[in-house]
Amino acid sequence: MDKLKIALAALAFALPVQSFAETAKEKKPELEKVSKSDEKLNPWTDCGIGAMLFDETKWAAVTSNIIWDWGITATTSAVSSKHTCEGKKVVAAFFINQTYANIEEETANGNGAHITAMLNILGCNSASQQNIIDSVRADFSKAAASASYAEKTKSAKAQDYYFILDEKVSGRYAQQCQAI
Amino acid sequence: MLIMQARAKHLADALRWHALVHYKKNEWHFTDGVHSEIISPEFFLAKSGSTNPSAELEATIAGFYAPIGVDPDQHPQCRFVARYKWLRQTLDWTDVEPPLVTCKKYREWALNGHIKSVSLIFATGYLSNPASLYGHLLIKFNTSDNIVDNDLLDPSLSYGAIVPKHESGLVYMSKGLLGGYEAGFSHDKFFQHNHNYAETELRDLWEYRLALPPDEVDLIVAHGWEMLGAKFNYYFLSNNCAYEVSELLHVAIDDRLLPNTPWSIPSTVFNRLTVIDREGRPLVSAVRKIPSRQNRFYKKYFALSEQQRALVKKIIVHPANFGGGEYQDMANTDKIKTLETLFDYYEFRAADEIDQQKYRQKKQVVLLGRLKLPSEQLSWPQTSDKPPHEGNPPLMAQLSALTNSADGNAIEVRIRPAYYDMLALDAGKIPYSSLAMFDFKLMYSDEHLHFRSLDLLSIETLSPSRTGAPGDGSYAWRFRVGLEQQNLRCIDCTVAFTEGGIGKAAIIDGNTLIYGMLDARLQSNMESSGTLAGTTELGIIAEPIKHWRTRISIGERAYINGARAMKPLLRWENRLGGNKNWDWEITVEKNSASELRTSVAFYW
């Protein structure tokens, strides 16, 4: 009853609303689940990561429950789907896409919480992580030096970064990132 | 047999059972009993479960013996994991073992038992969004013993209203206040909250880690699982994030985490948590700040040498300065410090939607500069900011003795349910800002009680630049709406008003700020006062010595359509004391008449 009285009183005075909680963020469309026989998966175009880009809006950046339902859980249960959108790579791509500003800085610094988390998603063991970062850093230096880098959108930069990383964890460091 | 045990132990009346099903006493006196605050029918196993704790308890026990179907995750043992855990602890299950169900989805969600502790996260207020003025509260499940370890992938639960996209502001306000929205818990990895709050909205996060035994951590995690998909009715003022997160924790923590008020304010929860002891140990084991991108920039900027600061500003103003002799002469570590500070500056500026791309382009030059230097992890000074629980609690009662040049001596009583004022302790609040709601003053003089004022809402933020860097700091602004005396001379001449102002503030040294504001005011007429006025104001806010904060403002008000001429206004406020629960204030004010007030305020 008290809350109703307060609410009516506030409305009666045309008070701009206060809230003590954020609004629940609206779910983005579920990522398209596809199967690809192609060796190279592009999570942006094949799985719709670009479409569920987390807007950098003041009012409310979005959340997605979905990707973690079938992303990280697949990780923990060791159900690896290398060529589908249910694998860890898609989760890593999603993480890179959203936190790209941190990822590029930490790569430049050679360390940081976000790139550690990124490699943890990919199942890369701790001992190998610094080597992978150093290797990615070397290639990223070239990508960031290109004339077109500054003009690219954040999502396009994230894609470029993802492919640099993917080359390392699927190639030279595949053994160290076993769970992929 | 278990049902008989449960009846004998009166478990249907147990506090924990009521917490698990979110039962509350019916608010209307003519109906006895309880109702669950959860409105999803699927949350109940008994038909009358939402209002009948006994029926729900017995249906729950019976449900645990249901045959395992095609999808074991739909079995009651898997859907109601916390209920199952609690009843396993409470009843004797010898010789009455139910079927063994493997709850795969729950186990995965709960990280196969690797959750070690629970934290509450407070996202500080955000004055640009009315829905976020008072901050936000969420739960994080920690996979590490150490509070400073990487927790970006740790799971978290957040409560909020489910608002359709593109809802109009008026509908949003009305439905939010009147309970027109459903709400629920969503689960995300913590990095998403870190990104949304600290990186995009530039809000600090405060983590309070709870020292709970493993079985209580398990129970909270299990109840968090039960909450996914459960829907509630949402009320902005009361049944909000602070309330529902507190209710969720009640499955393990009996202590009340919110005061018995019809409204719920997130910061209050932290005030309570930090005074709770469990078996001689504080419930909160550690507190840490996760600074916003903007505050990370400040922290780094002020850790630089004068020369480095000057270079940072030069590069910001003229990026061509980057790479010049001044930079080249620096040691690598100093270069890295400068570049990391610039990273934060550019991202802090890019958080503003305007010119986002421009700042990211400028950042590229710095990024390349950093890539040319070796990898190195710098250690920056730790923040010494006070956490939210060290600030004044939001509910204030103030008693003042005053002498008024027109009316003589009087007593004033003031009640402010929320939240903080400009001179309040700096802890978990936006610096140089104030936010008040339903701030109510009465005066007793000549054996009569007189209404003085009611600020329905009052917001002021001065947003000064901390560093002097371009784009750091913005316009000061304020807004007030309510009822008040026309001036200090005139008792019982109440006017309704709304006023808004814009201005600029500047910090002239660490503890002193000056500002200028221009306000427009619309009010009801009082003795030909006029209804539309403009006010100019110049002011200074300072802390001359520890525990003495002062604000002096002078100005003039002129009514565009009234008979009264330009009126001088003066106000000098002083807050004395460093205690969060009380302080002493002395105020001198001139508005037609002069007044001196001395006050003692209590906060809880």
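The values are calculated or read from the model by the stated rules, or taken from the named source; none is laboratory data. Since this is a predicted model, take the numbers as computed values, not measurements. Note that we place each Cβ from the backbone using ideal geometry, even for glycine, and neighbour counts take in every protein chain shown. Quick note on the areas: whole protein, heavy atoms, side chains included, nothing else; ligands and nucleic acids left out. Shrake-Rupley method; radii C 1.70, N 1.55, O 1.52, S 1.80 Å.
Could you list, in sequence order, all residues of segment B:71-88 that are more than 24 Å from B:R209 (Cβ to Cβ) and part of a helix (DSSP H, G or I)?
If the condition is that a residue be more than 24 Å from B:R209 (Cβ to Cβ) and part of a helix (DSSP H, G or I), then B:P72, B:D73, B:Q74, B:P76, B:Q77, B:C78, B:R79, B:R83, B:Y84, B:L87, B:R88 are the ones that fit.
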Checklist entry - Which of the residues that make up segment B:120-149 are within 30 Å of B:P213 (Cβ to Cβ), at the interface with chain A (Cβ under 10 Å from one of its Cβ atoms) and surrounded by 24 or more Cβ atoms within 10 Å (Cβ to Cβ)? => result B:A123, B:G135, B:H136, B:L137, B:L138
Checklist entry - What residue, of B:L152, B:L210, is open to solvent by less than 20 Å² (accessible area, probe 1.4 Å), over 16 Å from the mean Cα position of the chain (by Cα) and facing another protein chain (nearest Cβ under 7 Å)? => result B:L152
Checklist entry - Pairs, please: C-beta under 8 Å, at least 6 apart or cross-chain, first residue over 19 Å from B:P76 (Cβ atoms) and part of a strand (DSSP E or B) and in segment B:104-119, second of a type in the set (D, E) and modelled with pLDDT under 95? => result B:S117/B:D145
Checklist entry - Hey, does segment B:576-583 have a residue that's touching a helix residue (DSSP H, G or I) at 6+ places or on another chain (Cβ under 7 Å) and open to solvent by 40 Å² or more (accessible area, probe 1.4 Å)? => result yes
Next on the checklist: Where the second residue is among the basic types (K, R) and not in a helix (DSSP H, G or I) and the first is more than 7 Å from chain A (Cβ to nearest Cβ) and closer than 27 Å to B:L248 by Cβ and lies in segment B:163-186, which pairs have Cβ atoms under 7 Å and are six or more apart or on separate chains?
Outcome noted: B:E182/B:K231
Checklist entry - Which of (1) assigned to a helix (DSSP H, G or I); (2) out of contact with any Leu (no Cβ under 9 Å at 6 or more places or on another chain); (3) surrounded by 16 or more Cβ atoms within 10 Å (Cβ to Cβ) is the odd one out, the single condition B:M4 does not satisfy? => result (3)
Checklist entry - Just checking, which of B:L442, B:L457 is within 27 Å of B:P394 (Cβ to Cβ) and buried (at least 20 other Cβ atoms within 10 Å of the Cβ)? => result B:L457
Item to check | Subset of segment B:414-432 [assigned to a strand (DSSP E or B), within 19 Å of B:L576 (Cβ to Cβ) and not hydroxyl-bearing (S, T, Y)] | outcome: B:R414, B:R416
Next on the checklist: If I filter segment B:188-196 for residues that are among the acidic types (D, E) and within 8 Å of chain A (Cβ to nearest Cβ), do I get at least one hit?
Outcome noted: yes
Checklist entry - Of the residues B:E27, B:E37, which is in contact (Cβ under 8 Å) with a residue 24 or more places away in the chain, within 14 Å of chain A (Cβ to nearest Cβ) and touching a helix residue (DSSP H, G or I) at 6+ places or on another chain (Cβ under 9 Å)? => result B:E37
Next on the checklist: When you scan segment A:143-152, do you find a residue that is facing chain B (nearest Cβ under 8 Å), part of a helix (DSSP H, G or I) and either buried (at least 23 other Cβ atoms within 10 Å of the Cβ) or under 18 Å from the mean Cα position of the chain (by Cα) (or both), even just one?
Outcome noted: no
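Table: residues versus (1) open to solvent by 30 Å² or more (accessible area, probe 1.4 Å); (2) over 24 Å from B:M566 (Cβ atoms).
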{"site": "B:D472", "(1), (2)": "no, yes"}
{"site": "B:G501", "(1), (2)": "no, no"}
{"site": "B:I507", "(1), (2)": "yes, yes"}
{"site": "B:N525", "(1), (2)": "yes, no"}
Next on the checklist: Only one of A:A108, A:A117, A:A101 is touching a residue at least 40 places away in the same chain (Cβ under 8 Å), within 8 Å of another protein chain (Cβ to nearest Cβ) and assigned to a helix (DSSP H, G or I). Can you tell me which?
Outcome noted: A:A101
Checklist entry - Regarding B:T51, is this residue of a type outside the set (A, V, I, L, M, F, W, C), out of contact with any Leu (no Cβ under 7 Å at 6 or more places or on another chain) and surrounded by fewer than 19 Cβ atoms within 10 Å (Cβ to Cβ)? => result yes
Item to check | Output for segment B:461-470, where each listed residue is surrounded by fewer than 20 Cβ atoms within 10 Å (Cβ to Cβ) and assigned to a strand (DSSP E or B) | outcome: B:S465
Checklist entry - Would segment B:510-518 turn up any residue that is open to solvent by 10 Å² or more (accessible area, probe 1.4 Å) and not in a strand (DSSP E or B)? => result yes
Checklist entry - Of the residues that make up segment B:360-380, is at least one within 23 Å of B:Y134 (Cα to Cα), at pLDDT 90 or above, in a helix (DSSP H, G or I) and not aromatic (F, W, Y)? => result no
Item to check | Single unsatisfied condition, B:D352 versus (1) under 22 Å from A:E105 (Cβ atoms); (2) within 14 Å of chain A (Cβ to nearest Cβ); (3) crowded, with 19+ Cβ neighbours inside 10 Å; (4) not β-branched (V, I, T) | outcome: (3)
